[in-house]
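The values are calculated or read from the model by the stated rules, or taken from the named source; none is laboratory data. These numbers were taken from a predicted model, which means no experiment stands behind them. So basically every Cβ, Gly included, is an ideal-geometry build from the backbone, and we count neighbours across all protein chains shown. Surface areas here come from the heavy atoms of the whole protein model, side chains and all, with no ligands, DNA or RNA. Shrake-Rupley method; radii C 1.70, N 1.55, O 1.52, S 1.80 Å.
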Amino acid sequence: MNSDDDGAQATLADLREGFERAFREPPPPPAPARRRLLAIRAGGAPFAFDVGELAAIDAGTRLCRLPRSAASVRVAGFRGRLIAVHSLAAMLESAGPPEGGRWIAICLADPSLALEFDELEGIHDVPLDRINPVSGDAEGLVEAVLADSRHVRGIVSIRHVLARIRRSAR
Amino acid sequence: MKHWTFGGKLAVALTSTTLLVGVMSVMATYALGTVVKSKGAVIDIHGERLLEAKNLDLIAEGRVAEVRGYLVTGAPSFKAGVAENLTQFEAKLREIEAAGISAEHAKEMRDANQAHAASIQVVFGKYEKDKTDASIGTYFLEEVVPAFRALREATGRYSVAVRQQRDEANEASTKQANFWASMVQLVTVVVILLSIALGYLLVSNLNHQIGAAVQHVQSAATQLQAAATQQSGACVEQAQQVTEVTTTAEELLTASRQIGERAREVAELGARAEAATASGSETVKDGETSIETVKQQVDQVVEQMLELGRKSRDIGGVLDIVNELSEQTNILAVNATIEARGAGEAGTRFSVVADEIRKLADRVATSTREIRSMIDSIRSEVNTTVMTTETGSKAVDQAAARFAEVTAAFSEISEIVVNAAEAGRTIDLSTNQQTTACEQVTQAMTEVAQASREAETSAQQTMSTAGELVSISNELMRLVRRD
């Protein structure tokens, strides 16, 4: 048995400990005001969704383009329903070109609409004092920014995204 | 003419001079003959004519004596003598006419002779008629004597004319002789000038050629002298070198003897090496067998490594499944978190469980990535090991091939050792022969040294001779060229 085996055993023990601790400990006390965000990447740039604005996420969903429709809008089947999938990178002017993302986020406000993004980075509980609202741009899709140790992450407002989609549909 | 020989040029010059002298001689002979002929003609023809004129005079004189004899004696013989004299005179006159006398003189003498004959006939008639006739004397004095004088004058004028012709012919002959004498003198001068010119050309040409030849001889003699000097020096040096060669040959003789001894030792060592080579061949064969075993083991290692690589790929496939499961779990956990959020306070505990599941899925994903990294590292190491093992297998193959070559080399070495031993014996024999040859070389070198000394003496003689040749050529050059 060498050092690699020791490391694997330690990792396994750590996992087991963490899993069991979750059931052993009492429920956590009410947390201070926090906002739960889904960290993603779209067009090579970091963004985030408020988990409260999402109905679900999925990966590897097959997307189909409709004839005479924009390249950034496709349709997919999700939980027995047909939904419209819009490219988040195409909608965000600050993002780069879409990289053919395989993730979709279904909007809670309108489950028939979903946003396509490239990569899921995780879920973070962020204190509100680290979130800085973006002022002076009520029509913008990014409502706030989150500055962490590595970069600045824009928080996308699903509500504003839906409003823009509806306006463009009219 | 440039390539003519010296004798040829002399022959041409002498022949040309001889021809010119011959021409001059022919011309002089012709001139002399012409002069002699001319003078002879003067002497012969005109002397004869003078003589005949004198004869005519004498005949006429004899006639007078016959006439007087007849008139004194009355003897018929004188009369017959007169008649014969007339006949003789006429015959002589015709003879002179035939020889070319002028018609004027012939007519004058004939007329005078006939007048004299007529007067004689008249006197004879008177005498025969009357011997005492006093007119006979008168007639004789008045007719016969004048007629005789006229005849003498005629013959005298003829003689004068003959003399005049003789003088003219003599003068013409003298002129002709003078002309030919001048011609001969002119030709002589021309011949002399041509001979001088020819001689000058010949001498100039010969001087030029002889001078060039003498210069060549002088140059050759100088070169010969230098060569002889060099040869003399070379002979001295050669004698020294021969001495060195003799010393070297003696050293070579000693070395040959030592080589013979070493060759015998080599032959003995060859026999020992042959035995050692046979032992080495056996050892090499054992090594070859061991190499073959190693090769088989290396092949097994390679096969096992390849199997390990295949297994690693299989593990990678399983990891893909685990990773997919982890991702699905993560999706479920996120969705559970979203659902718990939507459930409000009631979903708090569910949210905790979902978070733990999501964390677990994250850790599984992290571990999966680590395992994939490890497997990739293992596969890379396996590939490296396979390549190294294959390299080792090739090295083993090469070693096996080298062992085969070593075996062949040992066999070759064995043959070479045998050959070397044989060569050692041959060298022993050859060095014996070489020793003899070296002794002969030493002897020959002694003779060569003697020959070199003789050659040196000869070269010095040649040098002396070349010096004399230079002096002679200088003298010759001085003779042919005054400058």
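The set of residues from the range B:107-118 being under 12 Å from B:R157 (Cβ atoms) and either open to solvent by less than 20 Å² (accessible area, probe 1.4 Å) or within 60 Å of the chain's Cα centre (by Cα) (or both) comprises B:M109, B:A112. For the criterion of being among the hydroxyl-bearing types (S, T, Y) and part of a helix (DSSP H, G or I), B:T188 passes. Scanning the range A:53-69 for residues that are within 14 Å of chain B (Cβ to nearest Cβ), open to solvent by 30 Å² or more (accessible area, probe 1.4 Å) and in a loop (DSSP other than H, G, I, E, B) yields a single hit, A:G60. Any residue at all in the range B:421-443 that is part of a helix (DSSP H, G or I), of a type in the set (D, E, K, R), at pLDDT 80 or above and surrounded by 15 or more Cβ atoms within 10 Å (Cβ to Cβ)? Scanning the range B:421-443 turns up no residue that is part of a helix (DSSP H, G or I), of a type in the set (D, E, K, R), at pLDDT 80 or above and surrounded by 15 or more Cβ atoms within 10 Å (Cβ to Cβ).
Considering only residues that are farther than 13 Å from B:T426 by Cα and not hydroxyl-bearing (S, T, Y), which ones fall in the range B:252-267? B:L252, B:L253, B:A255, B:R257, B:Q258, listed by residue number.
For B:A459, the conditions (1) of a type outside the set (S, T, N, Q); (2) closer than 30 Å to B:E244 by Cα; (3) surrounded by fewer than 17 Cβ atoms within 10 Å (Cβ to Cβ) all hold with the exception of (3). The single condition from (1) surrounded by 14 or more Cβ atoms within 10 Å (Cβ to Cβ); (2) without any contact (Cβ under 8 Å) to a residue 60 or more places away in the chain; (3) farther than 18 Å from B:F148 by Cβ that B:I59 fails is (3). The set of residues in the range B:286-325 that are basic (K, R) and surrounded by fewer than 16 Cβ atoms within 10 Å (Cβ to Cβ) comprises B:R310, B:K311, B:R313. Does B:I331 fit the bill of being out of contact with any Gly (no Cβ under 8 Å at 6 or more places or on another chain), open to solvent by less than 40 Å² (accessible area, probe 1.4 Å), over 16 Å from A:F19 (Cβ atoms) and within 9 Å of chain A (Cβ to nearest Cβ)? Yes: the conditions hold for B:I331.
Scanning the range A:29-51 for residues that are under 17 Å from B:T348 (Cα atoms) and more than 11 Å from the chain's Cα centre (by Cα), which turns out least open to solvent (accessible area, probe 1.4 Å)? The qualifying residue least open to solvent (accessible area, probe 1.4 Å) is A:R35.
Among the residues of the range B:19-47, those identified as more than 30 Å from B:V162 (Cα to Cα) and either surrounded by 13 or more Cβ atoms within 10 Å (Cβ to Cβ) or of a type outside the set (V, I, T) (or both) are B:L19, B:L20, B:V21, B:G22, B:V23, B:M24, B:S25, B:M27, B:A28.
The residues on offer are B:L93, B:L71, and the sole one that is of a type in the set (A, V, I, L, M, F, W, C), more than 25 Å from B:A172 (Cβ to Cβ) and open to solvent by 30 Å² or more (accessible area, probe 1.4 Å) is B:L71.
Of the candidates B:E456, B:E447, B:E475, B:E468, the single residue that is in contact with a Ser or Thr (Cβ under 9 Å, 6 or more places away or on another chain) and at pLDDT 80 or above is B:E456.
Restricting attention to the range B:1-18 and to residues that are among the polar types (S, T, N, Q) and open to solvent by 50 Å² or more (accessible area, probe 1.4 Å), the residue that is nearest to B:V187 (Cα to Cα) turns out to be B:T18. Reported count of residues in the range B:340-350, each being at the interface with chain A (Cβ under 9 Å from one of its Cβ atoms) and either hydroxyl-bearing (S, T, Y) or surrounded by 17 or more Cβ atoms within 10 Å (Cβ to Cβ) (or both), is 2.
Across the range A:6-14, not a single residue is classified as open to solvent by 40 Å² or more (accessible area, probe 1.4 Å), modelled with pLDDT of 90 or more and more than 9 Å from chain B (Cβ to nearest Cβ).
Can you tell which of B:R310, B:R262, B:R257 is more than 14 Å from every other protein chain (Cβ to nearest Cβ) and either within 30 Å of A:F49 (Cβ to Cβ) or over 60 Å from the mean Cα position of the chain (by Cα) (or both)? Residue meeting the stated conditions: B:R310.
The single condition from (1) modelled with pLDDT under 90; (2) under 17 Å from the mean Cα position of the chain (by Cα); (3) assigned to a loop (DSSP other than H, G, I, E, B) that A:E121 fails is (3).
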